[in-house]
1. Just checking, does segment 34-42 include any residue being modelled with pLDDT of 95 or more, among the charged types (D, E, K, R), under 21 Å from residue 107 (Cα atoms) and within 18 Å of the chain's Cα centre (by Cα)?
2. From (1) at pLDDT 95 or above; (2) surrounded by 15 or more Cβ atoms within 10 Å (Cβ to Cβ); (3) more than 14 Å from the chain's Cα centre (by Cα); (4) of a type outside the set (A, V, I, L, M), pick out the condition that doesn't hold for residue 69.
3. From the list 131, 108, which residue is within 25 Å of residue 58 (Cβ to Cβ), among the polar types (S, T, N, Q) and open to solvent by 10 Å² or more (accessible area, probe 1.4 Å)?
4. Could you pull out the residue among 88, 117, 77 that is in contact with a Pro (Cβ under 8 Å, 6 or more places away or on another chain) and either within 18 Å of residue 29 (Cβ to Cβ) or open to solvent by 70 Å² or more (accessible area, probe 1.4 Å) (or both)?
Amino acid sequence: MSYQVRSLRADEWPRAKALRLEALRDPVASIAFMETYGSAAARPDAFWQERAGRSAEGASGAQQIIAEGPDGEWVGTVTVLMEEAGTTDWAGMPVERLQGHLVGVYVQPGHRGIGLTEVLFDAGLEWAWAQGAERVRLLVHEDNARALRAYRRAGFTETGVTTTLGPDKGERELELALERPESDF
């Protein structure tokens, strides 16, 4: 695989913005992401600059990992948010121990099915373990079969925790998690 997987640099915010807007146009975006293309596109550049700065190389609370194709095009991304024990996460769920939370997972359609998601996850997991995370989790809509398959292939398993996000309270988000390997303690 001739992809470079690395952390975002703060000055790359325009490319991070473009990739996010592309992700929000994906056919499953309505169940995969917690914002719409229209709301994201309307945000000022200052929002994107701040967002990139909070998750860029060297940040400790979050890290955005990007995948560059052989031609330098950004073709995938994942962001890891660190969550402290005794707090609540962005969705209002209690956090019981130091953990990473994968969000914003996206790989361009032409680059799916080749293991790129797993490579992005490996980089995100490595960063989370280096921050002291005891586990890494993610939420996925119950109807997002493609994402569920990818997450399970990467070693994530359902925890039994479910929540509702968004306007339709009849739709569930499933929590999947991966425990830190004993060898990493």
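The values are calculated or read from the model by the stated rules, or taken from the named source; none is laboratory data. Note that the structure is a prediction, hence the values are computed from the model and not measured. Heads up, the Cβs are rebuilt from the backbone with ideal geometry, glycines too, and the neighbour counts pull from every protein chain shown. Protein only, heavy atoms only, side chains kept; ligands, DNA and RNA dropped before computing areas. Shrake-Rupley method; radii C 1.70, N 1.55, O 1.52, S 1.80 Å.
1. Looking through segment 34-42, none of the residues is modelled with pLDDT of 95 or more, among the charged types (D, E, K, R), under 21 Å from residue 107 (Cα atoms) and within 18 Å of the chain's Cα centre (by Cα).
2. (1)
3. 131
4. Sole residue among the options that is in contact with a Pro (Cβ under 8 Å, 6 or more places away or on another chain) and either within 18 Å of residue 29 (Cβ to Cβ) or open to solvent by 70 Å² or more (accessible area, probe 1.4 Å) (or both): 88.
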